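Colleague: Here it is, the structure in full.
Just so you know, all these numbers are worked out from the coordinates, no wet-lab data involved. All of these numbers come straight from a predicted model, not from anything done at the bench. A quick note on method: Cβ atoms are made from the backbone with ideal geometry, for glycine too, and the neighbour counts reach across all protein chains shown.
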Amino acid sequence: MMHPKFQTTLLKQHSHLPARVMRVETPHGSFTTPAFMPVGTRAAVNCMTAHELTEAGSQIILGGNTYHMLVTPGAEFIQDSGGMHRMMAWNGPMLTDSGGYQVFSLSQNSKICKIDEDGAKFKHPDTGQLIKLSPESSIETQKIIGADIIMAFDQCTPDAGGRGVAEQAMERTHRWLLQSIEIHQKNTQSAYGYEQALFGIVQGGLFRDLREQSLAFLLKQPLDGIAIGGESIGYSMEKTVEILNWLTPHIPQEKPRYSMGVGLSPQDLIDVVACGIDMFDCVAPTRNARHGSLYCGIFEITLDNWVAFIPGEERGRILIKKSQYRSDHGPLSEGCDCYTCQKHTRSYMHFLFKTNSPLYSVLACIHNVRMMHRVCEMMQKAILSS
Ligand SMILES: [Zn+2]
């Protein structure tokens, strides 16, 4: 079977914003940006089947975090199962991460995980067995996961620690990038015989010159796309937007730009796409949904061909447990075309939540994920008509 290679086509640049629409072809089909990627941390997007994701408008998913998959079930199990596409019954484009962010989080407790020049060493949470995540083992695991887009192994930059810490993390990320590229280029295919694209990650913390230096280093390497990482990205939107605006003007048009961990709310997607970002992932929409926080608001195309999110009740997210929804027979969000809003009421969702029904989580995740895709579809429309 012939698989198409990774290829990008810029379909439209917004008339007066850095926002753009791009078609990205992968061995598992194409997706059109701006594209939100739901996250399947442990080989599952919580509460949603591949069919429900497709129905909600997902084009590409983050299929399994490398760190979590390496811990359980382990690379051998994934390979025996035929890879992550096969396991998840997801036949569309897939990206996976390198594990860099997860080991960074774990390393806050040095008893659990230590990071040095060779990579991260951590104890298996159940068996106590020592596991190493290095540029080499990260890329090899990502080949077994079999994602269409894989990430170079990086050291995430903490916000605390100042310039020295940011500079060290950036320089190590660059050394690890070169090692990641070397491993990838020995065989650019997945364990299942199709080509994988490799993205690098810009670090440099909150320092403009370091960020620019990091991007310049990445642009000299044979990379298919540019990701922007670090603790502040997606967490502080003010800093995220500032950092993205330093970088995106310098990235060649044909390279997809991915801001990692962005998407606490639909507004965050509008903010980063306006900076010229094409792709983003976040666990928040499904996590919020399960905890009873449901996006609520209207998307409108503005006079200058951009998109506004007009928050509904409770500043754009309703807390479904509140007694006021007990007899509210309206949809979760006015104007939402998701399965849940078409078929069910706030009253019913309140009841399911209060009775701990597993069905609540399914319906809630469908709605929140659809809201993220709807805002992307609106932005696409606004850009194309600008
Ligand atoms: Zn809905």
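Colleague: Per DSSP helix of 4 or more residues, -39500 (n - 2.57); summed, then divided by the residues of the chain. What does that give at 222 nm, rounded to the nearest 500?
Modeller: The helix-only estimate for the chain comes to -11500 deg cm²/dmol at 222 nm.
Colleague: Would you please state the base-10 log of I(q)/I(0) at q = 0.12, 0.16 1/Å for the range 1-75, with intensities from the Debye formula using one equal scatterer on every alpha carbon?
Modeller: -0.46, -0.76
Colleague: Pairwise over distinct Cα atoms, reciprocal of the mean inverse distance: report the Kirkwood radius of the range 334-384 in Å, one decimal place.
Modeller: 11.9 Å
Colleague: Between the range 309-386 and the range 71-88, how many Å separate their Cα centres?
Modeller: Result: 33 Å between the Cα centres.
Colleague: Sticking with this structure for a sec: Please work out the ratio of the alpha-carbon Rg of the range 157-220 to 2.2 N^0.38 Å and round it to two decimals.
Modeller: Rg over 2.2 N^0.38 Å, computed on Cα atoms: 1.32.
Colleague: Rounded to the nearest 5, what % of DSSP beta bridges with both residues in the chain are antiparallel?
Modeller: Beta bridges within the chain, antiparallel portion: roughly 55 percent.
Colleague: Binning every alpha carbon pair distance of the range 1-156 at 10 Å from zero, what are the percents per bin?
Modeller: Bin by bin from 0 Å, the calculated values are 10, 36, 32, 17, 4, 0.
Colleague: Ok, one more. So what are the radius of gyration and Dmax for the Cα set of the range 170-256, in Å?
Modeller: Using the Cα atoms of the range 170-256, the pair Rg, Dmax is 13.8, 42 Å.
Colleague: Divide the volume of the convex hull of the Cα atoms of the chain by its number of residues and quote the answer in cubic angstrom per residue.
Modeller: 140 Å³
Colleague: Using Cβ contacts closer than 10 Å as the measure, can you line up GLU231, GLU212, GLU334 from fewest to most?
Modeller: In order of increasing Cβ crowding within 10 Å: GLU334, GLU212, GLU231.
Colleague: Taking only the C-alpha atoms, wrap a convex hull around the range 215-286 and report its volume per residue in Å³ as a whole number.
Modeller: In the range 215-286, the Cα convex hull volume per residue is 86 Å³.
Colleague: Over the Cα atoms of the range 263-386, what radius of gyration and what Dmax do you get, in Å?
Modeller: 14.6, 47
Colleague: Per residue and in Å³, how big is the convex hull formed by the alpha-carbon atoms of the range 1-41?
Modeller: Dividing the Cα hull volume of the range 1-41 by its residues yields 84 Å³.
Colleague: Given LYS143/LYS255; LYS111/LYS186; LYS114/LYS143; LYS12/LYS186; LYS111/LYS354, which pairs have Cα atoms separated by over 28 Å?
Modeller: Beyond 28 Å between Cα atoms: LYS111/LYS186; LYS12/LYS186; LYS111/LYS354.
Colleague: What is the pair-distance distribution P(r) of the range 73-149, computed from all Cα-Cα distances in 5 Å bins starting at 0, with each bin given as a whole percent?
Modeller: The percentages, shortest bin first, are 3, 15, 23, 22, 18, 12, 6, 1.
Colleague: Work out which helices of the chain, taken as complete DSSP H runs, extend at least 24 Å along their axis over the Cα atoms and score a mean Kyte-Doolittle of 0.5 or more, then list them.
Modeller: Both cut-offs are met by 358-384.
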